[in-house]
Structure formats: structure tokens, C-alpha cells
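Only one structure is covered here, and it is reproduced in the block below.
The values are calculated or read from the model by the stated rules, or taken from the named source; none is laboratory data. All values derive from a computational prediction rather than experimental measurement. Neighbour counts run over all protein chains shown; Cβ positions are idealised from the backbone, glycine included. Please note that ligands, DNA and RNA were not included when accessible areas were found on the heavy atoms of the full protein model with its side chains. Shrake-Rupley method; radii C 1.70, N 1.55, O 1.52, S 1.80 Å.
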Amino acid sequence: MGINGETGILGILGYPVRYSLSPGMHNAALQHLGQNLVYVAFPVAAADLAGAIAGFGVAESLVGLNVTIPHKEQIIPHLGALDERAQQVGAVNTIRRQGRGWVGTNTDVAGFLAPLAGRVPPPAVTVLGCGGAARAVVVGCREWGCGAIRVVGRDRQKLSAFQHAFPIVQTWDWAELSQILPETHLLVNTTPVGMGAPGQTPLTAAEVDLLPQGATVYDLIYKPRPTPLLHLAAARGLGTLDGLSMLLHQGAIALEYWLGVPAPVDVMHHALIEQLAGKDAL
Ligand code: NAP
């Protein structure tokens, strides 16, 4: 469908967003569904968030947005309402129009849980990092029925704030990792370490060796594939999951939230794989 005066706009709000795979994934879905909508990136710096949200509110063609780093928590005071899920997580990754304002939800929890469906919840989970994604992971682990949930961070103040928001978790310093890794059945990396300079991993090979046989390592990063952490985990014979399925499912659920129709998950998955292979998704 061509763009015309009635074309609606969806997009991703973050900074930077230039490397996001979401525009390719969502535009493939919108074309497949024959919707008169386009999905574009909105690079908005943290200091400009309030102005951007106010502007988006009065531009009637804007239907909804995904929200990513660094706005997932900071956007909350600028929204008219939060659904129950966003309130539980304390972070928003999707908003949709309500009048001239916006309602926020969080589809990261369901996205995180999607590749774990049908598995038995582990007795002990260790979550590396205590940012916005870690919040969704903790809510997901709690809902799934995991036992002990340990959150590891490098900033004591941020860890205390996290514990305050989620009293069921135990918080640990990075330096204490060797104490908890031998009892970790699921390790989730929510830090961005491994995305940037080649060879960087959140855990050393020696630390990965401390995980018990049968443990699963879930890295929310999906590029490169495998991530450096998952490379180490696979070399040890551990189970591995990367973040591509989470990206796909959080996106599919967001699309359903905006449009009210089932998302074409296979089309979206194909668009992600094409982009990771360096090809255009459309
Ligand atoms: P965030 O709010 O910025 O949190 C990142 C966390 O990682 C913070 O606790 C941060 O600690 C920690 N961290 C950063 N660099 C570190 C380092 N060098 N060593 C140790 N800890 C470090 O970001 P987020 O929204 O949670 O996202 C985190 C990652 O998850 C990103 O890579 C993102 O792409 C990925 N993610 C993937 C999906 C998906 O669909 N697959 C969805 C959401 C997020 P400080 O606060 O001390 O800096």
C-alpha cells in the first residue's frame, strides 16, 4: 500500500535507534497485513523527551510507539496512564494513543518468557544487570514460578532501588558472583556487554565454568549470533538462548496492542533474520 494523506505512523523512540531492527520487522508485518501505516525510528535524546511526547500527542497520525533505551523508565511521568503490566514492571516499552495522550504497557515480559514456554521453572535464576530489561525479566521469572531470583549489579545504589521495587529478589555485587554461579540453573544477561567491542563478555570463561551442568544461559543480546557469552556457554555444553525470540515476541505483542489483529509472527521473524544477514527486510 502506498503512503498517502491517511497513512498512520508507528515507530520506535530511543537514543540511539539507528541500528534498531524494529522498523524492518514491523514494516514487513504492516505490508503483509495491508495496513495503511508506516513504522519509523524517532531518535530523541533524553533531554528532549518531554517536548517529543507533547508533540507526538498533537500529531494525530501517530498511533503508537515502542520505547527503548534510555526512555523506558523516564517516559512514565509523561504518560496519561499505565496498564497493570507496566505498573508491575515499572518500565514501559510500548505506548498507544488515548486522545491527545498516551497509555503505556510492557511487552518485554511476555517476550522474555516466549522461548521458555513449556520448560520447568528453575529453582534459582541469576540476572546480570539491574536496568529496565532486568525489571521485565524479574517479573517474568516470578510469574513463571522460578525459585530464588538473584540480581547482580555494579552500582550499590541502583541495586538498593531495585530491591526496594522487587523485595522478592536478592541483590549481589559483581565481585560476589563466584558464590552464586554454582547454584544458578538459569543465567540471564541483561547488560549490553557483548554487543560492542568484539570478545567482551559479561562473564569470563572461568566464571561460565562455575555454572552447573544442565544450566541454561539466556543472553538478551542477539547480535552477534552467537553472542560471546553464548559462545562460551555452548563450548561448555550448556543450554543457550539469545534475545532474538524476545525481540520478535515483544514486537508481535506490541503490534497486536496497536492494531487489535493477530501479528504475522513468521513474517516478522523472517524480516529479522534477513536484517541480521545484512539484507533489507522489505
Ligand atoms: P539499561 O536500563 O541501560 O540497563 C543495563 C544494565 O546493564 C544496567 O544495570 C547497567 O549498569 C548494566 N551494565 C551496563 N554496562 C555494564 C558493564 N560494562 N558491566 C556491568 N554491568 C553493565 O538497559 P536495558 O533496557 O535494561 O537493556 C539492557 C540490554 O538488554 C541491552 O543490550 C538491550 O539491547 C537488551 N534488551 C533486549 C531485548 C530483546 O528484545 N531482546 C529487550 C530489552 C533489552 P549501570 O546502571 O551501573 O550502568
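When the residues of region 254-267 are filtered to those that are in contact with a helix residue (DSSP H, G or I) (Cβ under 7 Å, 6 or more places away or on another chain) and without any contact (Cβ under 8 Å) to a residue 40 or more places away in the chain, the one that is least open to solvent (accessible area, probe 1.4 Å) is V265.
On inspection, N4 does not qualify as in contact with a strand residue (DSSP E or B) (Cβ under 6 Å, 6 or more places away or on another chain) and not in a strand (DSSP E or B).
Within the set T68, T107, the sole residue that is among the polar types (S, T, N, Q), open to solvent by 20 Å² or more (accessible area, probe 1.4 Å), within 16 Å of the ligand (Cβ to nearest atom) and under 19 Å from I221 (Cβ atoms) turns out to be T68. Applying a threshold of 7 Å to beta carbon distances and a minimum spacing of six or more residues, or different chains, the list of pairs starting in region 234-250 at a residue that is touching a residue at least 60 places away in the same chain (Cβ under 8 Å) and ending at one that is open to solvent by less than 50 Å² (accessible area, probe 1.4 Å) and assigned to a strand (DSSP E or B) reads L241/T216; L241/Y218.
Could you tell me how many of the residues in region 88-125 are of a type in the set (G, A, S), touching a residue at least 60 places away in the same chain (Cβ under 8 Å) and under 19 Å from E256 (Cα atoms)?
Residues that pass the stated criteria total 3.
Residues that are assigned to a strand (DSSP E or B) and either within 10 Å of the ligand (Cβ to nearest atom) or polar (S, T, N, Q) (or both) within region 148-170 comprise V151, V152, G153, Q170, listed in sequence order. Applying the condition of being open to solvent by less than 50 Å² (accessible area, probe 1.4 Å) and either of a type in the set (S, T, Y) or farther than 14 Å from M195 by Cβ (or both) to region 217-232 and asking which residue is nearest to the chain's Cα centre (by Cα) yields Y218. Scan region 129-165 residue by residue and report those that are buried (at least 20 other Cβ atoms within 10 Å of the Cβ) and of a type in the set (F, W, Y). Scanning region 129-165 gives a single hit, F162. Return the total of residues in region 28-58 being open to solvent by 30 Å² or more (accessible area, probe 1.4 Å), within 20 Å of L255 (Cβ to Cβ) and in a helix (DSSP H, G or I). The total comes to 3. Exactly one residue among G214, G251, G199, G243 is under 24 Å from A114 (Cα atoms), loosely packed, with under 15 Cβ neighbours inside 10 Å and either of a type outside the set (D, E, K, R) or within 16 Å of the ligand (Cβ to nearest atom) (or both), and that residue is G214.
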